Structures are given as structure tokens and as C-alpha cells.
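**Q** Provided herewith is a single structure, encoded as C-alpha cells, for subsequent inquiry.
Bear in mind these aren't lab numbers, they're just calculated from the coordinates by the rules spelled out. Only a predicted model underlies this, so the values are computations on that prediction, with no experimental measurement involved. Here the Cβ positions follow ideal geometry from the backbone for every residue, glycine too, while neighbour counts run over all protein chains shown.
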Amino acid sequence: MTNIVAIISFSLILIVVLMKIVRNHKKTKPTPNVPPGPWKLPVIGNVHQIITSAPHRKLRDLAKIYGPLMHLQLGEVTTIIVSSPECAKEIMKTHDVIFASRPRGVVTNILSYESTGVASAPFGNYWRVLRKMCTIELLSQKRVDSFQPIREEELTTLIKMFDSQKGSPINLTQVVLSSIYSIISRAAFGKKCKGQEEFISLVKEGLTILGDFFPSSRWLLLVTDLRPQLDRLHAQVDQILENIIIEHKEAKSKVREGQDEEKEDLVDILLKLQDGDDSNKDFFLTNDNIKATILVRILINILQILLQR
């Protein structure tokens, strides 16, 4: 009985302290000028209102009430929902520079090397040059076509596997996804790198953590085991990527010594850009920049696969 009374007393004291902190925070923090939106709960905001089997329909229904520009508080993230072509044009075309940068959170900073990947870097000269390099060197039709032999080889391997399993049940989803992950991995790292399967597994784990609605919550890292997970994940991914970069640099030096040159993969292309080029002599990529770019590219590819399932 004494323990129960102590627990209740402690809980009441904790609630009072938290309410005082929140009240003081509201007094010192100016009220932002945001569009109208539905009521929100403390800490989680409007998260509870969109966690449904059809969140897009829920957003549609809310937009009918609050208009084409609607404010939602997703954890600590202030989010503006745009649901009309006119407003979208204003944001994405007329005022695109204002909305060009993404908010930097604790999770993305840890996993994406202080947000230096092309998808998370703030708008500025670094982002513009990196986007230009990715557009010309990584996403051009010529570069996409250069990976066709990899796609053909993996598809052939998949068909042969089907043929060898005649009359036996096959988990089609598993084998097709495995084949796609293999294509992504080989296009990024080539055949000469170790740890590719482990890397893909770690990136998929990172995607689950990136679903966090509290990207700027430092207190959340203190009261949960999220920070150790992030640090462990980042350390494992970083070690694999560092080894891959070292292996590619060693392979590149062997080519200079007269050995046969292998086809370029994503890492080779980024290493060529590491020291800049004639049009960007003052710009160069560090190893961490290369890791962040690789990581973002793989994350986007895997996310596209998962969303299509």
C-alpha cells in the first residue's frame, strides 16, 4: 500500500512539473502564424488523427473542413498540408526557394552524416552542385542504360531459379525482392565489395526508424533506447561504406598499374567527382559526403520497392 501511495505521489508531482514546463515554454515561445487545423493533443499533436488504414482519405476529409492550407502538428514537427493545385503552384514554383530546405532532425542528422545527402542537404551552393552532379552523372539515361547488363543478369538468374524449383512452392515476394535488392546493391557497389547483404539489411532497419514523428526530440532520445539504436546502426553502416570506398580506391589504383578496368558503379562515379571538376574547382566531396549520397540513393530505391508492395 505504501508503494502505491508513493507511486501516485511521484506521478502527480511529475505531472505538475511537466505542466509548468509546458506553460513556461508557451510563454517564451511566440505563436507561429500558421493556417487553421484540427485540435491536437500534447506531445503527439495530430498524429492520432491520421493513423488510419487510409490516411489520405482522412487528410481529404480534414481539408474539406479547414481548407486547402491546413496545419497539422506531427509530434514536434509543424506540418502544412497543401491540397489544391493553386496553393501547390505557389509553394513549388512561385516561392520554391523558401520551401526548398527540409527540416533537420536528430535521426536524419545521425544517419545521413549531418544531412549532407542530396535529399536532406539545406538549399545552397553545396546542394545545387551535388544535384547537378547527380543529375548528370548518376541519373542520366546513359548511366541508367549502363546498368542494363546487371538487370539482365539478375533476371536470368531469377528465371533459372524458378526453373530449378519446378513443382515446389515458391515465396514469390521474397525471391523477387531479393533479386531487386541484388540489382540495387550491384549497381551501387559492383561485384567486388563485401558486406552488401548486411548493408541492405541495415538500411531497411534504418527506414523503420525514419518513420519517427519526433525528428527533433532530444528528450525522446534520453527516455528511450532510440539513441543507442541510431549510434549502432550508423556505426555499422559507416564501417561497411568506408570499407567499400577503400576497396574501390584500391581497385582504381590497380587499374592505373595496368590491370583490366571493371565497369563503373555508383561508388566509382562519386569517387571521380571527389576532387571536383573544371566547372566546380572549389567544390569537392569528402568520404562522408559520398557515403551520404550512396545512403540516400539506396534508401530511395528501397523505399520505392516497399511502397509498391
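**Q** Please give me, ordered by residue number, the trypsin sites (Lys or Arg not before Pro) of region 44-126 that lie in loop per DSSP and have at most 16 other Cβ atoms within 10 Å.
**A** ARG104
**Q** Can you list the trypsin sites (Lys or Arg not before Pro) in region 113-197 that are in a DSSP coil and have 11 or fewer other beta carbons within 10 angstrom?
**A** LYS166, LYS191
**Q** Distance in nm between label sites at GLN141 and LEU172, each 7 Å beyond Cα in the beta-carbon direction?
**A** Label at GLN141, label at LEU172, 3.3 nm between them.
**Q** If I take every Cα pair under 8 Å that is 6 or more residues apart in region 98-190, average their sequence separation and divide by the length, what percent do I get for the relative contact order?
**A** The value is 20 percent.
**Q** Apply the Karplus curve 6.51 cos²θ - 1.76 cosθ + 1.60, θ = phi - 60°, to the phi angles in region 126-136 and return the couplings in whole Hz, x for Gly and Pro.
**A** Each residue's phi maps through the Karplus curve to give 4, 5, 4, 5, 5, 4, 4, 5, 5, 5, 7 Hz.
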